[in-house]
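Notes for the one structure printed next.
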Amino acid sequence: MSPETKLSPAAVRKACADNPKMRERDLARSLGISELELVSSFCGHGVRRIEPRFDDLFPGLHDVGEVMALTRNESAVHEKVGLFEKFVNGRRAALMLGEQIDTRMFPANWVHGVAVEKTDGKDVRRSLQFFDAHGDVVQKIHARPGTDKIAWDRLVETLLIDDGSLDRLPEVTPASPFSRKMPSADVVDTLRSRWQGMTDVHQFHGILKELDLDRLSAFELAGDAWAWPLDRSSVTAMLRLAASEDIPIMCFVGNRGCIQIHSGPIATILEKGPWINVMDPTFHLHLRTDRIHDVWLVRKPSDTGHVTSVEAYDSDGQQIIQFYGVRGEGNAERSDWRDLAENLPKIDRGVTLGAAE
């Protein structure tokens, strides 16, 4: 949308009033604006701009007590109820380590922030929402009944920005579409050698970067000893089996600015339309199964034997979600998780080959 045709905040607020049951993300898309622009149209009407300064934000969140942290991408929503506990800052990546809320954050993509208050009858719903330069959400943090409201308000006051921009929407830049990388013909032997030589699963990212490979291309080239494609129904089957057999899992959902992790058992699995949902007291997962295009079983060597993941991707080759078995640092992988994952239904490898053909 050009500056000449860009909606005014008042016009966006009217559209919200005219579509009270429509989700903000969906309404923003229908209006041709980002979710940040939609939410920011309410600045001065229950919304205030805040600066996502990690050194103030996360210590402040530690003081507010129980909250719900939400991280999502186009196809999955990951919600955790708990405390913001141990914060470890870093210039390129930061960590939040806690029993419930466990995240990896990339500060360069935390560009915009808003504090939101919405009146719902006699209740006031409070949230802190953070967005990247393209106006897409990186994380939302919602107050809970047990949240310390005084500490919450104190944190908001600390982060407030007074930029006098109530009458205009924030500037956002279009995001470059995700596209897979075509692997070079001579990369296969190097990839397989480097893959077999891994001693820590975290080395995988470095291998991909050095060889200029995307994840799916690496899986396609790795060979059957390390990766094989699964039927698209495998994610739902895996969740149901993990719940029924009480196998604790790790569930990762991420976007440009944040990866959020659940570690532990799951119990309540519900299907509704295209969504498969985990609905447990401190963990909710909402996953669009109709957007899953590829699922892979992946094995990566470590110093305690290989580690097994189940990973789902959309039709563009972008990761939606990934799962591991819970294991302590330095411990071998649980055999029940490995058996579950390795017995999920496989499909003919030839059907999946795309960039590696």
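Residues of the range 91-113 being open to solvent by less than 20 Å² (accessible area, probe 1.4 Å) and out of contact with any Lys or Arg (no Cβ under 6 Å at 6 or more places or on another chain), which ones? Within the range 91-113, Ala94, Met96, Thr103, Met105, Trp110, Gly113 meet the criteria. Just checking, does the range 229-251 include any residue being part of a helix (DSSP H, G or I) and free of Cβ contacts under 8 Å to residues at least 12 places away in the same chain? Looking for residues that are part of a helix (DSSP H, G or I) and free of Cβ contacts under 8 Å to residues at least 12 places away in the same chain, one finds at least one in the range 229-251, hence yes.
So which of Ser8, Ser40 is among the polar types (S, T, N, Q) and either surrounded by 13 or more Cβ atoms within 10 Å (Cβ to Cβ) or more than 25 Å from Asp162 (Cα to Cα) (or both)?
After ruling out the rest, the residue left standing is Ser40.
Take Glu79 and decide whether it is under 28 Å from Gln318 (Cβ atoms), in a loop (DSSP other than H, G, I, E, B) and among the acidic types (Asp, Glu). Against the criterion (under 28 Å from Gln318 (Cβ atoms), in a loop (DSSP other than H, G, I, E, B) and among the acidic types (Asp, Glu)), Glu79 does not qualify. Each residue in the range 49-82 was checked for being among the aliphatic types (A, V, I, L, M), open to solvent by less than 10 Å² (accessible area, probe 1.4 Å) and closer than 16 Å to Gln260 by Cβ, and 5 of them qualify. Considering each residue of the range 104-118 in turn, at least one proves to be of a type in the set (Gly, Ala, Ser) and farther than 20 Å from Arg256 by Cβ. The residue of the range 86-144 that is modelled with the lowest pLDDT, among those that are assigned to a loop (DSSP other than H, G, I, E, B) and of a type in the set (Lys, Arg), is Lys122.
When every residue of the range 163-171 is checked against the conditions, none turns out to be aliphatic (A, V, I, L, M) and closer than 27 Å to Leu287 by Cβ. If the condition is being surrounded by fewer than 18 Cβ atoms within 10 Å (Cβ to Cβ) and touching an Asp or Glu at 6+ places or on another chain (Cβ under 7 Å), then the range 126-146 contributes Arg144, Gly146. Residue count for the range 293-341 satisfying the condition of being over 23 Å from Asn255 (Cα atoms), out of contact with any strand residue (DSSP E or B) (no Cβ under 6 Å at 6 or more places or on another chain) and crowded, with 17+ Cβ neighbours inside 10 Å: 4.
Condition first: in a helix (DSSP H, G or I) and more than 16 Å from Gln319 (Cβ to Cβ). Can you find one or more residues in the range 208-219 that meet it? Yes, the range 208-219 contains a residue that is in a helix (DSSP H, G or I) and more than 16 Å from Gln319 (Cβ to Cβ). Listed by first and then second residue, the pairs linking a residue in the range 160-188 that is part of a loop (DSSP other than H, G, I, E, B) and exposed (fewer than 14 other Cβ atoms within 10 Å of the Cβ) to a residue that is modelled with pLDDT under 90 and among the aliphatic types (A, V, I, L, M), with Cβ atoms under 8 Å apart and 6 or more places separating them unless they lie on different chains, are Met182/Ala355. Name the single residue that is most open to solvent (accessible area, probe 1.4 Å) among those in the range 259-286 being outside any loop (DSSP other than H, G, I, E, B) and in contact with a helix residue (DSSP H, G or I) (Cβ under 6 Å, 6 or more places away or on another chain). Going through the qualifying residues, I end up with Ile269.
The values are calculated or read from the model by the stated rules, or taken from the named source; none is laboratory data. Not measured: the values here are computed from a predicted model. FYI the Cβ positions are ideal-geometry reconstructions off the backbone, even for glycines, and counts take in every protein chain you see. Note: accessible area is taken over every heavy atom of the protein model, side chains too, but ligands, DNA and RNA are not part of it. Shrake-Rupley method; radii C 1.70, N 1.55, O 1.52, S 1.80 Å.
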